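Participant: Have a look at this one.
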Amino acid sequence: MSLPRLQSEMPRPCCPRVDEHTELFWKTLEDGKFLLAVCGDCSTTQFPPRKHCSACYGHNLDWTPASGGGVIYASTRVHAAGGPFAAMAPYTVGIIDLDEGVRILTRLMHDASSLPPGSRVNLAVIEHTDGPLFVAVNAA
């Protein structure tokens, strides 16, 4: 399943760190897929990508695509932001519990920015002029 796409005429406010452990994630996000790492030793699903399992410290990690669905755990509206995020303010960020059991932090876009905790959201790819980022949008 490919994630919905949003367009931005701006560059990313901050570019992600791409290394040997995150490169496949960012490359696949360009294709509209959000990958999670799953440990082959203890079956823990995790995000963000890293070189070892956060539960057992094993190095037997494999990728699995996320469904893209989740629930808002908490959110906050940022009114005064610094550095590269200042031009975006005000904006809303949320902690999302993905259906796969992983909790992530991301920006809540458009109509998702006023949703209460417990509301369903879907991940989406926002295509900036210099590359993709992921955000959450209202699932309704």
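Participant: Any idea which residue in region 5-27 is nearest to residue 108 (Cα to Cα), counting only those that are outside any loop (DSSP other than H, G, I, E, B) and touching a residue at least 60 places away in the same chain (Cβ under 8 Å)?
Facilitator: First pass over region 5-27, keeping only residues outside any loop (DSSP other than H, G, I, E, B): 5-7, 23-27.
Still in the running and touching a residue at least 60 places away in the same chain (Cβ under 8 Å): 5-7, 26.
Numbers: 5: 14, 6: 12, 7: 15, 26: 19 Å.
Per the stated criteria, the residue is 6.
Participant: Follow-up. Can you tell me which of 108, 115, 123 is surrounded by 17 or more Cβ atoms within 10 Å (Cβ to Cβ) and under 17 Å from residue 35 (Cα atoms)? Write out each step before concluding.
Facilitator: On the way: 108 fails: under 17 Å from residue 35 (Cα atoms); 115 fails: under 17 Å from residue 35 (Cα atoms).
Just a single option satisfies the conditions, and that option is 123.
Participant: Cβ-Cβ distance below 6 Å, separation of 6 or more or different chains: which pairs start in region 108-131 with a residue that is of a type in the set (S, T, N, Q) and end on one that is assigned to a strand (DSSP E or B)?
Facilitator: Sorted first by the residue in region 108-131, then by its partner, the pairs are 113/92; 119/72; 122/69; 122/137.
Participant: Taking the condition of being at pLDDT 95 or above, touching a Phe, Trp or Tyr at 6+ places or on another chain (Cβ under 8 Å) and assigned to a loop (DSSP other than H, G, I, E, B), how many residues in region 28-82 meet it?
Facilitator: Number satisfying all stated conditions: 3.
Participant: Do you know which residues across region 46-65 are crowded, with 17+ Cβ neighbours inside 10 Å and in contact (Cβ under 8 Å) with a residue 24 or more places away in the chain? Break it down stepwise before answering.
Facilitator: Pass one, region 46-65, residues crowded, with 17+ Cβ neighbours inside 10 Å: 46-47, 49, 53, 61.
Passing the criteria: 46, 47, 49, 61.
Participant: Next up: Give the residue that is surrounded by the most Cβ atoms within 10 Å (Cβ to Cβ), with candidates limited to residues of region 87-105 that are charged (D, E, K, R) and more than 22 Å from residue 30 (Cβ to Cβ).
Facilitator: Looking only at region 87-105, we keep the residues that are charged (D, E, K, R), and these are 97, 99-100, 103.
If we keep only those that are more than 22 Å from residue 30 (Cβ to Cβ) too, we end up with 97, 99, 103.
Values: 97: 17, 99: 13, 103: 12.
My answer is 97.
The values are calculated or read from the model by the stated rules, or taken from the named source; none is laboratory data. For clarity, every value in this text was computed on a predicted model and none was experimentally measured. Glycine also receives a Cβ, built like all others from the backbone with ideal geometry; neighbour counts cover every protein chain displayed.
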